[in-house]
Structure formats: C-alpha cells, structure tokens
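Participant: Starting off with a structure, shown below.
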Amino acid sequence: MSENLNEYRVRMSGIKKSFAGVKALKGVDFSLRPGEIHALVGENGAGKSTLMKVLSGAYDCDGGEIYIDGVVAKIGTPRRGKELGVGIVYQDFELAEDMTVAENIFMDNLGSRGIVRWGRLFASARRMVENLGFEMDVRAPVRDVSVAYKQIVEIAKALSTNARILILDEPTAVLTPRETDKLFGTMRVLKESGVSIVYISHRMDEVFSVADSITTMRDGEVTGGGLISDFGVDRVVELMIGRKLDTMYPPRGAEIGGEALRVENLSGDVFKNVTFALHKGEILGLFGLVGSGRSEIARAIFGEDRPAGGKIYVGGREARIGSPYQGRRHGIALIPEDRKEQGLVLEMPIRQNMTMTDMKKICGPLGVISVSREKQTADVLVKRLSVKTDDAGNRADSLSGGNQQKVVFAKWLNTDSEIMIMDEPTRGVDVGAKVEIYSIMNALAARGVAILMISSELNEIIGMCDRTLVIDNGEIKGELSRGEISEAGAMRLVVGGV
Amino acid sequence: MSGTQTARGILRKYLPVVVLVILVAVSSALSKNFMTAQNIFNLLRQNSANVIVSLGMLLVILTGGIDLSVGSVAAFSSVLFATLLDERAGNQMYLPLAFAAVAALSAAFGAAAGYLVAYRKMAPFVVTLASMTAARGVAYMISHAKTIPIANTFVNTFNKGSLMAVPYPVILAFAVFVLFALVLSYTCYGRFVQAIGSNETAVRLSGIRTSLYVMSVYVMSALASTLGGIIESRTGVGDARVCQGMELDAIAACVIGGASLSGGRGTALNTLTGVLILGLIGNIMALMKVAPYPQQVIKGIIIIVAVLLQGRGGKKQ
C-alpha cells in the first residue's frame, strides 16, 4: 500500500465539501501520477472545479485527506497550495489587465527586496514563454494580448512558482482549433518535464487526443476512471450523465406552428450574418462553445446589446429592439447565462424577484404594490414550478441552484412571453432539477411558446431540440434536424469538429 | 434560522435607532438643558433641511450612486427663490409659481446629472462633483454674493413659525420622511431603486428601464435639496453661502443609518435616525460648551464608530 502511495503525485481521498448545506463533493477520491495528463470530465455542476479548488487551496475541504508525494498535506489557502507546487488556471483569467505580461507572470516574485530589475524580469519572462513554445511581447500590457496568449500567461504564471501540478479549467473553451493544438503541444512538453496536469473539459475529442487517464464525475461523486485507452466516448458520456441519454428527456408532443421570430443577417462585435427563424411551439437549439458568440446573439435579440446590422422580425413584423425593456414589450424573455449575476437580485425575496418582470399585475394606482396580490401571484408560480421553499418571502440566495433557476423561469412565466431565449438553462443544476426544467420547457412549447435554447451540452441539445444551429466563431456553421443530430456519427462530428 | 439569529437580525436592522436612544439617554444625563421642549424642537428645526436632503441622498445611494451637489443645489434654490420673490428687483412672482419655477430648474439640473450617470455611464462622484461646483457658482452669479431678503410673509411665517410648539419645517420634514418611507416600502418605484442598487444587470435584464430610474433619483435628490434650501433660510434671506458641506452631512447620515455606499441597502427610518444622531451630537456638545473644532473631531470619530458597529453586522450576511 505504501508503495502505491508513492507512485502518485497527488492522492485525494474521501474529499467532502458543502456550500450552505448543498453537498458539492460527497467523499471524492482522485489520484494523479507524476508526468501525466489526467482528464477530469463531468457536466456543469458535477463538482470538477470544486474538487480542483480544494486541491489548489482556494477552498478548504470539510472532510477527507490529501497526500502530495505520499505526504499528508493540509492545503486550505491558495498560498499554501502554491508552496506545495499546485498551480491553477481558471476559466476566467485572474490577470491584472493593465500590467505587462512579464509582471503578471512574476506577480508573486517581482524582484528581490522590493526592487524590480526590469531587464532581468523581461528576460526571464521571455524565456519562460519560449519554453512553452510561444512567442510574445512580454512588455505589452495583458489587456492587448489575445485570449489564447492570456492563457499562456496564466500557465507561465503558475509555472513561475515552480508548480509541479498544473490544473487547467476548460482551457480550450475560448481557443481556436489551431491555438488548441498549440496548447496541447505545450502540455506535452510540460508532461515530459515531469509536470502533472489535470485537464478539465467536456470536449470528448480533445480529451481522447491529449489525456493519458480520465476521471468522470457526476453530482459531486466520481463515477469512473482509469487509463483513457480503456474507455470509449459513449461510455464516458454515460458515466457523466448517469443514465442512458434517452431516459433523461421527457417526451415532447408540441405542434410546431407559425413563425414567431426571424433574424436576418444579424451582426455584432463577435458574430456576423446570423439568419434563422424560430416557430411557435418549437425548441430551437443554438449549439456552440463558450466564446462562440452565442450569448451575444441572444443579448442582441433581447435588446441588451446593440447589433451592428441586420433585422429582427417578431411575429412577421420588423421589430426595433433597443433595450431589454423593449425586448420584454415585444414578448421576448431571456433566461440569462449567469443566474446569480444576471438573473436574480439575490438579496431580494423570492417573491419580489418573481414579480419584477410585470409589476403592473400587482400594482394599484400611483404604483402602490398590493402585497396580497403579489403574494398570490408568487405562490401560484412557486406551485406551478414546484420551487422548493417553505416561504416565498425568503431571500433568493437561500435556494439551491436548481430552484434559483426555477425562479428565473418564474419571472418570465409571469409575463406570458411568447418567445423565450434560454442561455444555458440547466447550467450548474443537479440532474433532478434538470429533468424538471426540461419538463417546464416542454410544457411551454406545448402552449405555443417559441424557445431558443443555447447550450454547450450536446446531450441536452439532442434530447430537447427540434432543430439545432451549430455556431462557431460567430457564424452559423450548419443546421441539424432532430433525426440527424441523434446519430452517433453526427454527435462525434459536432463534439469534435466545431 | 434560529431564534437568536433572528433577534440579532432585528437588532442589526434597528441598530441606529438603538444608538439614538442611548445617545438621548446619555445626553439627558449630561445636561439638564437637553430634555427641554425648547431645545428638542430647536434641534429638530435645525435638522429639518438635513432630513429632507438626506432622504433624497438615500435614494441616490440606494442605486449605488452619490450626489455631492445637494448643498450647492440647495443654495442655488435658496437664492433663486428669494430673487423671484424680490420686490426690490421688481419680480415679486406669485409664490406657487416661484416655487414651481425653482423646482423645475433644480429638477432639470438633477436630470442633467442623472442623464450623464445613467445614460453616458459617467461616475456619479465625478458628475456631481462638477455639478456641485457649477450650482454653487450659479448661486453666486444670481445673488452677486449678497443675501437677498425673502419678501413673502407666508414663507417667513412658515420658516419661523410653529404649530402647537412644533415648528412648521419639522412638520414638513416629517411628512417628507413618511412619504419616502412609504415610497420605498410600498411602491414599484421604491422597489426598483433598491433592486438596482443590489444588482442592476438582473433588473435591466428583467426588462426594466433601469437607466430611467437611475436618472430619476438624481432629480429626486435635487428636488429634496430645493426644499431643504428653502426651509433652511431661518433668517429669511436667500444666500449663496448656505448649506456648505451639507452633502457630507447627508452622506454621513445615510451611512450612520446603515446604508451601503455600494447600493441596495438603507431605509428611510434609519436615515432619519442618522440625521438625528449627527444633530444630537452637535447639540449636546454645544450644550456642554465644547469648542467648535474639537466638536468636529468628535463628530468624525462617532461616524467611524457607528459604521464600524454596522460593518461587523453587515459582513455576516
């Protein structure tokens, strides 16, 4: 057994972590060998990032043990994590945008005795970047550097503190295929030099091309793992979602009616010439990865961003939508991608969040709120969506992720919107709540609501959508009907080829 | 949610009121002259303008903004109002009309600042710093740096008189307080103003015209300043020098009352309490014959202590 311990760089056993009573990790075991690339896969909310934050010290775990090189390690703070050689690169970078690349790389160690020696700093930064197989101006402010290069800056920054364990959280989500290839090259170089890499992703093709071993997670538990050569894509997907694809999605029987929304040649900062039509009772998928421009398209239709060009038709008539207010008036609803930042006022009661979208319903003359009518409206919505709370007067942040999302849905059910745009409607929601949300969506479609669902989870797209638009780099690359997309071949193509 | 937590929550909610009660008790013990009807009404009269202006400030602070121009707008209103009624200048405008004209101009001033904040996304601090300077300048230009007697018996009676020993301005301030408290708790307007301060993005994405609301609070604040400026002139003159530093008292009152400068948190009751705490400290020190400069130092310390007390509570949320 002790021999076994030594062959691992990291061994985590029985790791537990809860947030406000919600168990994010329920006793997780995870091990990492020296000089391997280990893929950590799972759906959003499965606990991958939480587990890695425990390893890096960003979170302290509630239970379990961590061994680094066979020795028990108490991490608990990011500083201690760094000392133990754990470096982490988050999905949303943590760089000082106005400082130079070099300063960012050596943020923790800018000079000796408080004096910065610029020449030396720039030289070592350049060497660092070159060793990773890249070239860039280390004197440039990070703000001026492309996303791919920011990633490299982050990696260099982690390595500058002699990280031997490097955690990359969805590093390719924002990269082009070429940049991705380059990053993989860098990862292999690092692996050869003995660095162990944890690679969080849900892009199967990448996982299978770069990783040596794999661990799958679901709902805060590890569902499987081992050498990558022992696995196939279908098996991994099954381990990720915990059931066969077809039992997750309730059956649909909505009749597709006339055109509800049409978008012609819509262009913006990060998307161009987007054209599609959405019909009553239809669920149209917009499949693309983070950074592909999909959220921006949604925001432009809803009026949050001003498009550079193109036309939007609602119910066959051209609509000029300059603000979310006008979007709402045109019967459009947006379930935004980030419910905490964009969907809810967390400090406000559940009830007030629900009624916010249509205060006319509960207001008398002079805008005086009728408390009883508000209560009644909210109670109906709570029941209709089975939001789990004993009192709708509680603050919205007292709810779990899934129930918070139901409140966001409730906001818009309250308005009787005819067109609903849902940006990652099930992100960070447990499997049970997911199925509930799918049922809500189906019920809406059955009532003739037109739904545009943005998702980066292919399973969801396959299970829910009548048609799917595949978007990459701000352009629609193709349209797949329900039948086409469920074929295994098409699935691999979309997961890998985008 | 255990019982003790709820009790603590209630204490935190009404902490400023508790502090005020303690201060009143301490003051009564310190000075015989404190608990006299004359002193109390005097204290309230002196702070009526502050109450009204601070409530306007509260609206701005609830949205996460700040309005540094309140004192200047009050001064501007004071001299403009006096000028419009000035018979020496041959104006002698009909009183309601003069009041409406001052209010309209002041609202326009607030609207301009609000527009820059809400629609041009300029920092409230910068915008109102500029409007603070400008409004004071206009006040001096109108008055040529002289005091202008207010030639209207109604206004003077109102500012100096009282109803059953309660000065009229105190009654007015109380009425404004009740109005603000009701608006904040029971109207859409109040709800949106508070919600915007907590999470403007979420409110905007609910299809609410948040910019309009943000702009409106600067108008409300300007209107409150106008009212404050007019009732501040106890001596019956319009004066461009009045209400210097009033913005700081108003901000301090909101903060002592537990309002968060990042928005979303704060109530009318606690803001009223904040004004009274500040006023009371000044009053008791005057009664105790503390010299003016040490008074300022003590005031500063008390502000810090009041906020520290709340900071503790606030973090636990």
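The values are calculated or read from the model by the stated rules, or taken from the named source; none is laboratory data. Keep in mind that what you see is a predicted model, and the values were worked out from it rather than measured. Positions of Cβ are generated from backbone atoms using ideal geometry, with glycine treated the same way; all protein chains shown enter the neighbour counts.
Participant: Pairs needed: first member in the stretch A:166-192, surrounded by fewer than 17 Cβ atoms within 10 Å (Cβ to Cβ); second member anywhere, modelled with pLDDT of 90 or more; C-beta distance under 8 Å; at least 6 residues apart or different chains.
Facilitator: From the stretch A:166-192, the pairs are A:Arg188/A:Ile37; A:Arg188/A:Val210; A:Glu192/A:Gly35.
Participant: Please go through the stretch B:282-300 and give me each residue that is in contact (Cβ under 8 Å) with a residue 24 or more places away in the chain and surrounded by fewer than 19 Cβ atoms within 10 Å (Cβ to Cβ), ordered by number. It would help to see each step written out before you state the result.
Facilitator: Within the stretch B:282-300, the subset in contact (Cβ under 8 Å) with a residue 24 or more places away in the chain is B:283-284, B:287-288.
If the condition is that a residue be in contact (Cβ under 8 Å) with a residue 24 or more places away in the chain and surrounded by fewer than 19 Cβ atoms within 10 Å (Cβ to Cβ), then B:Leu287, B:Met288 are the ones that fit.
Participant: Name the residue that is surrounded by the most Cβ atoms within 10 Å (Cβ to Cβ), counting only residues in the stretch B:28-78 that are under 13 Å from the mean Cα position of the chain (by Cα) and in a loop (DSSP other than H, G, I, E, B). Show your work before the answer.
Facilitator: So in the stretch B:28-78, the residues under 13 Å from the mean Cα position of the chain (by Cα) come out as B:46-61, B:66-74.
Imposing the further condition that a residue be in a loop (DSSP other than H, G, I, E, B) reduces the set to B:66-69.
Values: B:Ile66: 24, B:Asp67: 33, B:Leu68: 23, B:Ser69: 27.
Going through the qualifying residues, I end up with B:Asp67.
Participant: Then there's this: Looking only at residues in the stretch B:154-194 that are of a type in the set (S, T, N, Q) and over 20 Å from B:Ile66 (Cα atoms), which one is farthest from the other protein chains (Cβ to nearest Cβ)?
Facilitator: Step by step, filter the stretch B:154-194, then rank; the result is B:Asn156.
Participant: Which count do you get for residues in the stretch B:90-119 that are part of a helix (DSSP H, G or I) and over 16 Å from B:Asp67 (Cα atoms)?
Facilitator: Here is the first cut: in the stretch B:90-119, the ones part of a helix (DSSP H, G or I) are B:95-118.
Okay, now just the ones that are also over 16 Å from B:Asp67 (Cα atoms), so B:95-105.
Total satisfying the criteria: 11.
Participant: Is it the case, given these coordinates, that A:Val382 is away from chain B (no Cβ under 13 Å) and surrounded by 14 or more Cβ atoms within 10 Å (Cβ to Cβ)?
Facilitator: The answer is yes for A:Val382.
Conditions tested, residue by residue: (1) surrounded by 21 or more Cβ atoms within 10 Å (Cβ to Cβ); (2) modelled with pLDDT under 95.
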{"residue": "B:Phe158", "(1), (2)": "no, yes"}
{"residue": "B:Gly161", "(1), (2)": "no, yes"}
{"residue": "B:Ile171", "(1), (2)": "no, yes"}
{"residue": "B:Ala175", "(1), (2)": "no, no"}
{"residue": "B:Ser185", "(1), (2)": "no, yes"}
{"residue": "B:Leu212", "(1), (2)": "no, no"}
{"residue": "B:Met220", "(1), (2)": "yes, no"}
{"residue": "B:Gly228", "(1), (2)": "yes, yes"}
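Participant: Now for a different question. What is the number of the single condition among (1) out of contact with any helix residue (DSSP H, G or I) (no Cβ under 6 Å at 6 or more places or on another chain); (2) surrounded by fewer than 19 Cβ atoms within 10 Å (Cβ to Cβ); (3) more than 10 Å from chain B (Cβ to nearest Cβ) that A:Asp305 does not meet?
Facilitator: (1)
Participant: Oh, and also: Only one residue in B:Phe125, B:Phe99 is over 16 Å from B:Val214 (Cα atoms) and in contact (Cβ under 8 Å) with a residue 40 or more places away in the chain, so which one is that? Before you say what the answer is, go through the steps one by one.
Facilitator: On the way: B:Phe125 fails: over 16 Å from B:Val214 (Cα atoms).
The conditions single out B:Phe99.
Here's the yes/no breakdown for (1) within 20 Å of B:Ser211 (Cβ to Cβ); (2) of a type in the set (Ser, Thr, Tyr):
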site	(1), (2)
A:Ser292	no, yes
A:Tyr313	no, yes
A:Gly322	yes, no
A:Ala333	no, no
A:Lys340	no, no
A:Ile369	no, no
A:Lys388	no, no
A:Arg395	no, no
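Participant: Further, regarding this structure: Can you report the number of residues in the stretch A:308-333 which are among the aromatic types (Phe, Trp, Tyr) and either within 14 Å of chain B (Cβ to nearest Cβ) or crowded, with 22+ Cβ neighbours inside 10 Å (or both)? Break it down into steps so the answer makes sense when it comes.
Facilitator: Restricting attention to the stretch A:308-333, the residues satisfying the condition of being among the aromatic types (Phe, Trp, Tyr) are A:313, A:325.
Narrowing further to those that are either within 14 Å of chain B (Cβ to nearest Cβ) or crowded, with 22+ Cβ neighbours inside 10 Å (or both): A:325.
Residues flagged as among the aromatic types (Phe, Trp, Tyr) and either within 14 Å of chain B (Cβ to nearest Cβ) or crowded, with 22+ Cβ neighbours inside 10 Å (or both) within the stretch A:308-333 amount to 1.
Participant: I've got another one for you. Please verify whether the stretch A:324-334 includes one or more residues that are modelled with pLDDT under 90 and of a type in the set (A, V, I, L, M, F, W, C). Give the steps one after another, and end with the answer.
Facilitator: If we filter the stretch A:324-334 for residues that are modelled with pLDDT under 90, which is where we start, we get none.
No, there is no match, as no residue in the stretch A:324-334 is modelled with pLDDT under 90 and of a type in the set (A, V, I, L, M, F, W, C).
Participant: If a residue counts only when it is in contact with a helix residue (DSSP H, G or I) (Cβ under 9 Å, 6 or more places away or on another chain), among the aliphatic types (A, V, I, L, M) and surrounded by 21 or more Cβ atoms within 10 Å (Cβ to Cβ), which helices (runs of 4 or more DSSP H) contained entirely in the stretch A:75-132 have at least 3 such residues?
Facilitator: The qualifying helices (runs of 4 or more DSSP H) are A:101-105, A:118-131.
Participant: How about the stretch A:334-353: which of its residues are within 13 Å of another protein chain (Cβ to nearest Cβ) and not in a loop (DSSP other than H, G, I, E, B)?
Facilitator: Passing the criteria: A:Leu334, A:Ile335, A:Arg339, A:Lys340, A:Glu341, A:Gln342, A:Gly343, A:Pro349, A:Arg351, A:Gln352, A:Asn353.
Participant: In this structure, does A:Asn394 turn out to be within 24 Å of B:Gly264 (Cβ to Cβ), loosely packed, with under 15 Cβ neighbours inside 10 Å, at pLDDT 85 or above and assigned by TED's automatic domain parsing to the domain that holds A:Glu424?
Facilitator: Considered against the rule, which asks whether it is within 24 Å of B:Gly264 (Cβ to Cβ), loosely packed, with under 15 Cβ neighbours inside 10 Å, at pLDDT 85 or above and assigned by TED's automatic domain parsing to the domain that holds A:Glu424, A:Asn394 comes out as yes.
Participant: Follow-up question, since we're still on this one. Return yes when A:Val380 is part of a loop (DSSP other than H, G, I, E, B), among the hydrophobic types (A, V, I, L, M, F, W, C) and farther than 21 Å from A:Glu259 by Cα and no when it is not.
Facilitator: So A:Val380 fails the test.
Participant: Here's a follow-up. Go through the stretch A:392-429 residue by residue and tally those that are in a loop (DSSP other than H, G, I, E, B) and out of contact with any strand residue (DSSP E or B) (no Cβ under 9 Å at 6 or more places or on another chain).
Facilitator: Residues that pass the stated criteria total 5.
Participant: Can you tell me which of B:Thr226, B:Thr273 is away from chain A (no Cβ under 14 Å), touching a residue at least 24 places away in the same chain (Cβ under 8 Å) and either in contact with a Pro (Cβ under 9 Å, 6 or more places away or on another chain) or farther than 22 Å from B:Phe125 by Cα (or both)?
Facilitator: Working: B:Thr226 fails: either in contact with a Pro (Cβ under 9 Å, 6 or more places away or on another chain) or farther than 22 Å from B:Phe125 by Cα (or both).
Exactly one residue qualifies, and that residue is B:Thr273.
Participant: Only one of A:Leu334, A:Leu385 is among the aliphatic types (A, V, I, L, M), touching a residue at least 60 places away in the same chain (Cβ under 8 Å) and touching a Phe, Trp or Tyr at 6+ places or on another chain (Cβ under 9 Å); which?
Facilitator: Criteria check complete, one pass: A:Leu334.
Participant: Could you please let me know if B:Glu200 is more than 9 Å from every other protein chain (Cβ to nearest Cβ), assigned to a helix (DSSP H, G or I), surrounded by fewer than 23 Cβ atoms within 10 Å (Cβ to Cβ) and touching a residue at least 12 places away in the same chain (Cβ under 8 Å)?
Facilitator: Values: more than 9 Å from every other protein chain (Cβ to nearest Cβ): yes; assigned to a helix (DSSP H, G or I): yes; surrounded by fewer than 23 Cβ atoms within 10 Å (Cβ to Cβ): yes; touching a residue at least 12 places away in the same chain (Cβ under 8 Å): yes.
Criteria met by B:Glu200.
Participant: OK, next. Just to be sure, is B:Ala135 within 30 Å of A:Pro349 (Cα to Cα) and among the hydrophobic types (A, V, I, L, M, F, W, C)?
Facilitator: no
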